[in-house]
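**Q** My questions will all concern the structure given below.
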There are 2 protein chains.
Amino acid sequence: MSPEEFRKHGKQVIDWIADYLASVESHPVRSPVGPGDIRRALPSHPPEHGEPFEHTLADLDRVLLPGITHWQHPRFFAYFPANASGPAILGDLLSSGLGVQGMLWATSPAATELETVVVDWLAELLDLPRRFRTDEAGGGVIQDSASSASLVALLAARQRAGAGRHTLYVSSQTHSSLERAGRIAGLGAGDVRAVEVDPDTLAMDPDRLAALLERDRADGAVPTLVCATIGTTATTAIDPVARIGEVCRQHGVWLHVDAAYAGVAAVCPELRWINDGVAAYADSYVTNPHKWLLTNFDCSVLWLADRAPLIDALSALPEYLRNPATSSGEVIDYRDWQLPLGRRFRALKLWAVLRWYGAEGLRAHIRDGIALADEFADLVAADPRFEVSDHHPFGLVCFRPRYPELSTEDANAATMALVERLNDSGELYLTHAVVGGRTVLRLAVGGPATQRRHVHQAWEAIRAAVS
Amino acid sequence: MSPEEFRKHGKQVIDWIADYLASVESHPVRSPVGPGDIRRALPSHPPEHGEPFEHTLADLDRVLLPGITHWQHPRFFAYFPANASGPAILGDLLSSGLGVQGMLWATSPAATELETVVVDWLAELLDLPRRFRTDEAGGGVIQDSASSASLVALLAARQRAGAGRHTLYVSSQTHSSLERAGRIAGLGAGDVRAVEVDPDTLAMDPDRLAALLERDRADGAVPTLVCATIGTTATTAIDPVARIGEVCRQHGVWLHVDAAYAGVAAVCPELRWINDGVAAYADSYVTNPHKWLLTNFDCSVLWLADRAPLIDALSALPEYLRNPATSSGEVIDYRDWQLPLGRRFRALKLWAVLRWYGAEGLRAHIRDGIALADEFADLVAADPRFEVSDHHPFGLVCFRPRYPELSTEDANAATMALVERLNDSGELYLTHAVVGGRTVLRLAVGGPATQRRHVHQAWEAIRAAVS
C-alpha cells in the first residue's frame, strides 16, 4: 500500500471510527451472536488475490460488528472500563505508523526516553514516592497488563530473595493473575498462600499474614512476595497497605501493590489516601491507565523502588543486541524490564493523553465517574427491594435484590438469572461477583461516553427487571 | 475528545504518517542523538492544563523525530525487518477505535472468532500440518512476541511432562528468549542445556541432543522441551527438525519450533522444505508476521498440535469471569492461551493484511526480499576483499571484510569499527554477529520500502568504507 493509498484509506478508517464512536449507543451493548456465528460468516480459506480495502471495511460492518461487544458503549458497566479516548487512539496510530522497536535504547532512543518521561510524569500526578522515579534507584515501565507486571514483580522479588522454596502471599480477593504468576514462575501449588480476609471489608488480615509468614519461615520456605490490592476486582476493597507493609518489612518480604484499576484515582488529591503505606513500604506498584485513565489497552505502568533485581532477573545480552549505548551503562534498555523482548512505542499514547487532558482533565474524568457511581448507589439504596454492598469511593457499585422470601441459594440463582436477562436485553451490560456466599451485581461506571442519563436508564432497566 | 474532534485530528495524523512514509528516506537511518538528549528536551513535569493536539504533533516533529531510528527506512538492514504496512496500520487503528477486550469469547465474540479464522488461514498459507488447525486438537493464537510464545510453549510442555526437575534444550544459536523463558519459569540455571552445533552449518547436532537427553534422563531429570530453530537470529541457520523430532519422539520430549523470522517464507511453495519435519514432529511452532509478513508489531502466531496442556497450564476462572459461553465449552477463551489476561483485537490487522495483499502479494513480497538479498550476496562475493558466510535462502546476508593482514582479534575489532562507522553515517543501519569466533556484518533485507537501488547504495557505502 503506497503512502497515497494509505492516506486515502486511512481517512476512510478515521471516518469509520468517528462515526462508530458517535453512534455506539445504537448497538446492543453485548453482542447477541452465538458460538460459531461469526466464524461461519467468514470464508474458510484465505484470499489468493488482494482485495480493495473497501471490501474489508464493508465486512467489518456486515460480518464483524454484530459480533462486537461494545466496550465503549455508554451503558457498558461490565468489568472495569477500558477507556479508549481520541488522543490515545491517535498516539497508538502514530506508534503503528512509525513502526519502531523500543527493545533497546539504541533501537530508537526517543521510544525509551519518552517512556521514562511519561512514567515519571504519571508518578508525579499520582504523588507516588520519589524512589519510584527513574533518577533515583527505581523507575517505571509500561507493560501490556497488570498480569504481566505482577509476574515481573514476582521475578524481581525472587531474584532478591535468593534460592529456596519461594512462597507468594495473596488473599481470596487478589486478582487471579497473581496465582497464575506463581504457577508460571514454577512455584509449587501449595506455595501460593491465601491469607484470610476480614469478612466485612474483604481486606487482607495483616495478623494472619504475619502468622503465615512466621510459620512458613519456620518450615524452611523463602517468603518472596506479598501482594496487597488497592481496589480489588470483585468489590474494589482496599487492603491495609501500611499494616501489611510493616509485616513485610519485619520479614524482609517484597511488597507488591496491585492498584490496577483504582490506582489512577490518585490523580485527585482527595483520593491520595488510598495509597497510604505505599510510600513507606511498597517495593513495586502497578496501575493501568488502560482501564480508567483514558488510554487504550495496552498500557499498564509498573514502578519499582529498586530496578536492580528486576534487571538481574530478566537481562540477556546476546551478541546481536550488544551496542555501544548499552555497554556505556548510560541508557535504559526496557527489554530487561519486561517478559517479551520486542516492544511497541506505547509511551506515545500515554503522552498524547496526558497532554490533551492535562492533570485537570484527568481529575475531572475520575471525579465524574465516582459521582455517577455514588448517584447510582444512592438510587439503589433508596429502593427497599435492593441492598448495596460496602461501597468504596471508586466507580464500582455492588448490589443485589434482597429476595427476602428466597433461600441464599435460590436468591443467588435469581440474581444470576437477572444478570443474564439484563444482558440479553442489549440495553446494558453488567457482571456479577460472589461476596460472602452471596451473588451480587457489579455495575462499573467510568467510560468517557457515560453520562448521568445512562446511569439512570440502567437503574430503570434493573428496577423494571425485578418487578 | 469528541468524535468530531477525533475526525479532525485523526486526519491530521493520517496525513502525518503518509507524509512520513513518503519521506522516510530523507532521515538518517539510525538516530544520532546521545543518551539523555530527548529526555532533556521534554518538560520535567506533566501539564496541568490540556493542550491542543497540534502541540503534540509539533513536538513529535521537533523533539521526538530526531530520536527515532527509522525501522521503515529502505536502508534499515539491522535486525530482522519489522514490516509496517498500510493495511496493518489501519487494522490496528480499527482495533484501537473499537477498544474491545478479547480476553474471553463472551467479551467480544468477533475478536475471538476472527482470530481463529486468520490463524487457520495462515496455517493453510504456510502449509502447516492439519493438526495445528483449531477444528482438530490443536490451534493457533496471536501472541505479542516469539519470546512470549516460546515461554507459553514451555509452560504447556511442563504441564504435559508432569512433576520433576525440568530440563530445556537449546543450542548456542537459539534465540536468547528461550534461556530467559527457562529462567522465568523457574528452571535451574543448569537445567537449560546447550546442545552443540555443527561448526560449519551452526545447526543443532541431533546426536549430541540424544546423548544429552539420555544422560539427563538417567540423572533423574524430566526432559521437557527441545527448541529447534528455522532461521536463527545470528545467521538464519536451520536446525535439522526431522532428525531432532525423531530424537524428541524417542524420548517423549516436546518439540518447539522457533521460526520467528523465517517461517513466513513458507507462503512460497518453493520454500516449504524449510519446514521439513514440522508436520511429523512439532508440538508447537511460532512465526512472526510482525517481522517479514507486512503486519505491524505485535503479531506473533503460535500453533500447538494439542491445545489441552496449554489450557491446563494457564487457565484460571475466577467468579467474575464466569459466563454461560465459557461454561458451555463451545467457545475458545484465548486468555487461557497466553501470559496476560487482557488482549487487544490483534486479528484485525492480520486480517487486513491477508485481504489487501492476498496470498500472491505475500509471496511476491517474500520473493522480492530474497532476490535482493541474493543480489547483495553476489555483489559481496564478487569482491575479493570480502567473504560471504554460509548463505541461507532468506533475506539476511552475513559477510565480513577479509583483513588478511590482521589477526582474528584485530580483524574483529576492525569489523566492529566498520559497523559503527557505517551506522554513524546515517546512510544505512547494520548489526553484527559472531560466527565461529569471527565478527560478521548482518545485512537484513525485507522492508517493504527497500528497492534494488537501496541495496546497491548500501554496498557502495560499505565498499567505500573499507577502501
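**Q** Within the group A:LEU126, A:LEU187, A:LEU155, A:LEU151, which residue is over 30 Å from B:GLY34 (Cβ atoms) and more than 10 Å from chain B (Cβ to nearest Cβ)?
**A** Testing whether each residue is over 30 Å from B:GLY34 (Cβ atoms) and more than 10 Å from chain B (Cβ to nearest Cβ) leaves just A:LEU126.
**Q** Enumerate the pairs (first residue in segment A:62-84 and over 17 Å from B:MET103 (Cβ atoms); second residue anywhere and modelled with pLDDT of 95 or more and β-branched (Val, Ile, Thr)) with beta-carbon separation below 6 Å, excluding pairs fewer than 6 apart on the same chain, so at least 6 apart or on different chains.
**A** Filtered contacts from segment A:62-84: A:PRO66/A:VAL33; A:HIS73/A:VAL24; A:HIS73/A:VAL29; A:PRO74/A:THR450; A:ARG75/A:VAL29.
**Q** Of the conditions (1) of a type in the set (D, E, K, R); (2) more than 7 Å from chain A (Cβ to nearest Cβ); (3) in contact (Cβ under 8 Å) with a residue 40 or more places away in the chain, B:ARG133 fails just one. Which one is it?
**A** Unmet condition: (3).
**Q** Here is a further query. Being closer than 24 Å to A:THR112 by Cα and among the β-branched types (Val, Ile, Thr) is the requirement here; does B:ILE142 meet it?
**A** Judged against the criteria, B:ILE142 is not a match.
**Q** If you don't mind, another one. Considering only residues that are in contact with a Ser or Thr (Cβ under 8 Å, 6 or more places away or on another chain) and among the β-branched types (Val, Ile, Thr), look in segment A:19-78 and name the one that is nearest to A:GLY395 (Cα to Cα).
**A** Filtering first and then ranking leaves A:VAL29.
**Q** Checking the conditions here, which among B:LEU178, B:LEU168, B:LEU154 is touching a residue at least 24 places away in the same chain (Cβ under 8 Å), within 21 Å of A:ARG158 (Cβ to Cβ), in a strand (DSSP E or B) and under 24 Å from the mean Cα position of the chain (by Cα)?
**A** Only one candidate qualifies: B:LEU168.
**Q** Got at least one residue in segment B:374-393 being within 13 Å of chain A (Cβ to nearest Cβ), surrounded by fewer than 21 Cβ atoms within 10 Å (Cβ to Cβ) and farther than 30 Å from B:SER108 by Cα?
**A** no
**Q** Considering only segment B:216-234, I want to know if a residue exists there that is among the aliphatic types (A, V, I, L, M), closer than 18 Å to B:ASP258 by Cα, in contact with a Pro (Cβ under 9 Å, 6 or more places away or on another chain) and in a strand (DSSP E or B).
**A** Yes, segment B:216-234 contains a residue that is among the aliphatic types (A, V, I, L, M), closer than 18 Å to B:ASP258 by Cα, in contact with a Pro (Cβ under 9 Å, 6 or more places away or on another chain) and in a strand (DSSP E or B).
**Q** Another question about this same structure. Is it the case, given these coordinates, that A:ASP306 is in contact (Cβ under 8 Å) with a residue 24 or more places away in the chain, under 25 Å from A:VAL195 (Cβ atoms) and crowded, with 21+ Cβ neighbours inside 10 Å?
**A** no
**Q** Could you count how many residues in segment A:21-46 are free of Cβ contacts under 8 Å to residues at least 12 places away in the same chain and at the interface with chain B (Cβ under 7 Å from one of its Cβ atoms)?
**A** The initial filter retains those residues of segment A:21-46 that are free of Cβ contacts under 8 Å to residues at least 12 places away in the same chain, namely A:22-23, A:26, A:34-36, A:39-40, A:43-46.
Checking the rest, the ones that are also at the interface with chain B (Cβ under 7 Å from one of its Cβ atoms) come to A:22, A:35, A:39, A:45-46.
Going through segment A:21-46 one residue at a time, the tally reaches 5.
**Q** Could I ask something else about it? Is segment B:8-18 home to any residue that is facing another protein chain (nearest Cβ under 8 Å), among the basic types (Lys, Arg), surrounded by fewer than 19 Cβ atoms within 10 Å (Cβ to Cβ) and without any contact (Cβ under 8 Å) to a residue 40 or more places away in the chain?
**A** Going residue by residue through segment B:8-18, those that are facing another protein chain (nearest Cβ under 8 Å) are B:9-11, B:13-18.
Still in the list and also among the basic types (Lys, Arg): B:11.
When the remaining residues are screened for being surrounded by fewer than 19 Cβ atoms within 10 Å (Cβ to Cβ), the result is B:11.
Keeping just the survivors that are without any contact (Cβ under 8 Å) to a residue 40 or more places away in the chain gives B:11.
Yes, segment B:8-18 contains a residue that is facing another protein chain (nearest Cβ under 8 Å), among the basic types (Lys, Arg), surrounded by fewer than 19 Cβ atoms within 10 Å (Cβ to Cβ) and without any contact (Cβ under 8 Å) to a residue 40 or more places away in the chain.
**Q** Considering (1) surrounded by fewer than 24 Cβ atoms within 10 Å (Cβ to Cβ); (2) among the charged types (D, E, K, R); (3) over 29 Å from B:PRO448 (Cα atoms), say which one B:ASP276 fails and leave the rest.
**A** (3)
**Q** Would you mention how many residues in segment A:384-402 are within 24 Å of A:ALA237 (Cβ to Cβ) and either more than 29 Å from the chain's Cα centre (by Cα) or in a strand (DSSP E or B) (or both)? First the steps, then the outcome.
**A** Taking segment A:384-402 as the starting set, the residues that turn out to be within 24 Å of A:ALA237 (Cβ to Cβ) are A:386-402.
Subset that is either more than 29 Å from the chain's Cα centre (by Cα) or in a strand (DSSP E or B) (or both): A:386-388, A:396-402.
Of the residues in segment A:384-402, 10 are within 24 Å of A:ALA237 (Cβ to Cβ) and either more than 29 Å from the chain's Cα centre (by Cα) or in a strand (DSSP E or B) (or both).
**Q** Taking segment A:190-214, which residues are within 14 Å of chain B (Cβ to nearest Cβ) and in a loop (DSSP other than H, G, I, E, B)?
**A** Result: A:LEU202, single match.
**Q** Name the single residue that is farthest from A:GLY91 (Cα to Cα) among those in segment B:80-100 being polar (S, T, N, Q) and at pLDDT 95 or above.
**A** So, considering only residues that are polar (S, T, N, Q) and at pLDDT 95 or above, the one farthest from A:GLY91 (Cα to Cα) is B:SER85.
**Q** How many residues are more than 10 Å from every other protein chain (Cβ to nearest Cβ), under 30 Å from A:LEU90 (Cα atoms) and out of contact with any Phe, Trp or Tyr (no Cβ under 9 Å at 6 or more places or on another chain) if we restrict to segment A:294-335?
**A** The qualifying residues number 2.
**Q** Residues in segment B:417-439: is at least one modelled with pLDDT of 95 or more, in contact with a strand residue (DSSP E or B) (Cβ under 9 Å, 6 or more places away or on another chain), farther than 19 Å from B:ILE238 by Cα and of a type in the set (Gly, Ala, Ser)?
**A** No, the conditions are met nowhere in segment B:417-439.
**Q** Are there any pairs with C-beta distances below 6 angstrom linking a residue in segment B:246-272 that is touching a residue at least 60 places away in the same chain (Cβ under 8 Å) to a residue that is part of a helix (DSSP H, G or I) and of a type in the set (S, T, N, Q), with the two at least 6 apart or on different chains, and if so which?
**A** What qualifies is B:ALA266/B:ASN275.
**Q** Taking the condition of being touching a Lys or Arg at 6+ places or on another chain (Cβ under 7 Å) and under 19 Å from B:GLY252 (Cβ atoms), how many residues in segment B:186-211 meet it?
**A** 3
**Q** Follow-up question, since we're still on this one. Which of the residues belonging to segment B:61-79 are touching a helix residue (DSSP H, G or I) at 6+ places or on another chain (Cβ under 7 Å) and either at pLDDT below 95 or within 7 Å of chain A (Cβ to nearest Cβ) (or both)?
**A** B:LEU64, B:GLY67, B:ILE68, B:THR69, B:GLN72
**Q** May I ask you to verify whether B:LEU304 is under 19 Å from the mean Cα position of the chain (by Cα), within 28 Å of A:ASP61 (Cβ to Cβ) and not aromatic (Phe, Trp, Tyr)?
**A** no
**Q** Now a separate question. Just checking, how many residues over segment B:334-387 are among the acidic types (Asp, Glu) and without any contact (Cβ under 8 Å) to a residue 24 or more places away in the chain?
**A** Qualifying residue count, segment B:334-387: 5.
**Q** Cβ-Cβ under 9 Å, sequence separation 6+ or interchain: first residue in segment B:184-211 and over 22 Å from B:THR233 (Cβ atoms), partner part of a helix (DSSP H, G or I) and small (Gly, Ala, Ser). Which pairs?
**A** Sorted first by the residue in segment B:184-211, then by its partner, the pairs are B:GLY188/B:GLY182; B:ASP191/B:GLY182.
Each row is one residue, and each column tells you yes or no for (1) crowded, with 22+ Cβ neighbours inside 10 Å; (2) part of a helix (DSSP H, G or I); (3) more than 11 Å from chain B (Cβ to nearest Cβ); (4) basic (Lys, Arg).
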{"residue": "A:ALA411", "(1), (2), (3), (4)": "no, yes, yes, no"}
{"residue": "A:MET416", "(1), (2), (3), (4)": "no, yes, no, no"}
{"residue": "A:ARG442", "(1), (2), (3), (4)": "yes, no, no, yes"}
{"residue": "A:PRO448", "(1), (2), (3), (4)": "no, no, no, no"}
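**Q** Which condition breaks for A:LEU114 when tested against (1) closer than 13 Å to A:TRP303 by Cα; (2) crowded, with 24+ Cβ neighbours inside 10 Å; (3) facing chain B (nearest Cβ under 8 Å); (4) of a type in the set (A, V, I, L, M, F, W, C)?
**A** (1)
The values are calculated or read from the model by the stated rules, or taken from the named source; none is laboratory data. Keep in mind that what you see is a predicted model, and the values were worked out from it rather than measured. Reconstructed Cβ throughout: ideal geometry from the backbone, glycine too, with neighbour counts over all protein chains shown.
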